[in-house]
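**Q** Can you keep this structure in mind? I'll have questions shortly.
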Amino acid sequence: MKRFLSFLLFVALFVSSVSAQYFPVDTARLNSAYRELISGNRTLETETEFLKAYPTTWLEFYMTYSYVDDENYDYSMCKMCCEHITTLFSLSKVNDTVLCKKIVDLTVGMKEVGECTSFFQDNLVGYILGNDKLVLDYLSKLKKGYQMEFWQFCWSTVTECDRVENFKELYARNKKRYPEQMKMSLIAFQYFYDGINYPELFPYKNGVYYRKFVNRDYKDTFDDYIDYGGE
């Protein structure tokens with residue numbers, strides 16, 4: 001309920017005036033930390049500063065990097081989105097557990113609706129495959145609803161990408177060590193892989209309602225793909 005009310009507040013603030021943009025994170029601090037890292041000054045302190053300045057939740061991420069088709073909108077943060085994502089997933093000096101928590105917490109509730117979320121998803125899947133024990137250990141401590149939201153975003157596809165092999169690899173490697181997690185991941189994959197089109201969050205443009213969906217003429221189904229619990 002608190003998250004829903006926060007989202008309604010965001011919508012009210014956002015719609016009232018796109019020219020008066022509100023950023024929930026300190027963008028000056030975030031960009032300063034980013035510039036420090038790309039200058040070559042990579043230390044525990046500089047990486048920690050970037051990690052602290054980076055958005056922690058999906059709502060913060062969306063409000064920071066969203067694209068709005070309006071001539072009065074400031075696109076400076078939107079243009080930095082992919083660069084910041086690349087930097088986030090390249091952090092190597094900060095504590096692995098701290099970085100994992102940041103990435104997982106940010107992913108919970110995220111929707112694949114553009115605004116660099118496709119790019120984030122690409123990096124996320126690679127990160128999970130390279131740090132599966134770390135990610136699954138932390139995920140297992142969260143409420144099941146949050147776990148499901150994480151896997152829903154991980155496997156959702158509204159752009160042309162193929163997550164089948166990624167899912168197969170992760171499932172095969174972890175179905176015995178983390179059976180409950182893999183069961184949940186399988187359910188999310190069955191329902192969200194090529195099975196959902198998220199609606200435009202702000203469907204009115206200049207007073208005109210429009211819909212932006214990705215339509216495909218095929219649909220893979222994996223209802224019978226895995227005999228869960230088998231070898």
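The values are calculated or read from the model by the stated rules, or taken from the named source; none is laboratory data. Just so it is clear, the model here is predicted, and its values are computed rather than measured. Methodologically, a virtual Cβ is constructed for each residue, glycine included, from the backbone with ideal geometry; neighbour enumeration extends over all protein chains shown. Surface accessibility is based on the protein's heavy atoms, side chains included, excluding ligands, DNA and RNA. Shrake-Rupley method; radii C 1.70, N 1.55, O 1.52, S 1.80 Å.
**Q** Search the stretch 48-62 for residues that are within 19 Å of Cys82 (Cβ to Cβ) and pair each with any residue that is open to solvent by 50 Å² or more (accessible area, probe 1.4 Å) when their beta-carbon atoms are under 6 Å apart and the residues are at least 6 apart or on different chains.
**A** Ala53/Arg29
**Q** Which residue pairs have Cβ atoms under 6 Å apart, sit 6 or more places apart or on different chains, and have a first residue in the stretch 122-150 that is farther than 13 Å from Ile103 by Cβ and open to solvent by less than 40 Å² (accessible area, probe 1.4 Å) and a second that is hydrophobic (A, V, I, L, M, F, W, C) and modelled with pLDDT of 95 or more?
**A** Sorted first by the residue in the stretch 122-150, then by its partner, the pairs are Gln147/Leu139; Gln147/Met184.
**Q** Right, Thr157: in a loop (DSSP other than H, G, I, E, B) and in contact (Cβ under 8 Å) with a residue 40 or more places away in the chain or not?
**A** yes
**Q** Within the stretch 105-147, can you find the residues that are within 18 Å of Ser185 (Cβ to Cβ) and part of a loop (DSSP other than H, G, I, E, B)?
**A** Val108, Gly109, Met110, Lys111, Glu112, Asn131, Ser140, Lys141, Leu142, Lys143
**Q** Is at least one residue of the stretch 94-109 on the phi > 0 side of the Ramachandran plot, in contact (Cβ under 8 Å) with a residue 40 or more places away in the chain and in contact with an Asp or Glu (Cβ under 9 Å, 6 or more places away or on another chain)?
**A** Scanning the stretch 94-109, I find at least one residue that is on the phi > 0 side of the Ramachandran plot, in contact (Cβ under 8 Å) with a residue 40 or more places away in the chain and in contact with an Asp or Glu (Cβ under 9 Å, 6 or more places away or on another chain), so the answer is yes.
**Q** Give the residues of the stretch 109-148 that are among the acidic types (Asp, Glu) and over 24 Å from Tyr65 (Cα atoms), sorted by residue number.
**A** Asp132, Asp137
**Q** Filter the stretch 104-133 down to the residues that are hydrophobic (A, V, I, L, M, F, W, C) and either within 20 Å of Asn31 (Cβ to Cβ) or over 14 Å from the mean Cα position of the chain (by Cα) (or both) and list them by number.
**A** Leu106, Cys116, Phe119, Phe120, Leu129
**Q** Only one of (1) modelled with pLDDT of 95 or more; (2) within 24 Å of Trp151 (Cα to Cα); (3) open to solvent by 40 Å² or more (accessible area, probe 1.4 Å) fails for Lys102. Which number is that?
**A** Failing condition for Lys102: (3).
**Q** Further question on the same structure: Only one residue in Arg42, Arg35 is assigned to a helix (DSSP H, G or I), at pLDDT 95 or above and open to solvent by 30 Å² or more (accessible area, probe 1.4 Å). Which one?
**A** Exactly one of Arg42, Arg35 is assigned to a helix (DSSP H, G or I), at pLDDT 95 or above and open to solvent by 30 Å² or more (accessible area, probe 1.4 Å), namely Arg35.
**Q** So, of the residues in the stretch 105-114 that are touching a helix residue (DSSP H, G or I) at 6+ places or on another chain (Cβ under 8 Å) and aliphatic (A, V, I, L, M), which turns out to be surrounded by the most Cβ atoms within 10 Å (Cβ to Cβ)?
**A** Taking the candidates together, the pick is Met110.
**Q** Condition first: at pLDDT below 95, assigned to a helix (DSSP H, G or I) and small (Gly, Ala, Ser). Can you find one or more residues in the stretch 50-73 that meet it?
**A** No, the conditions are met nowhere in the stretch 50-73.
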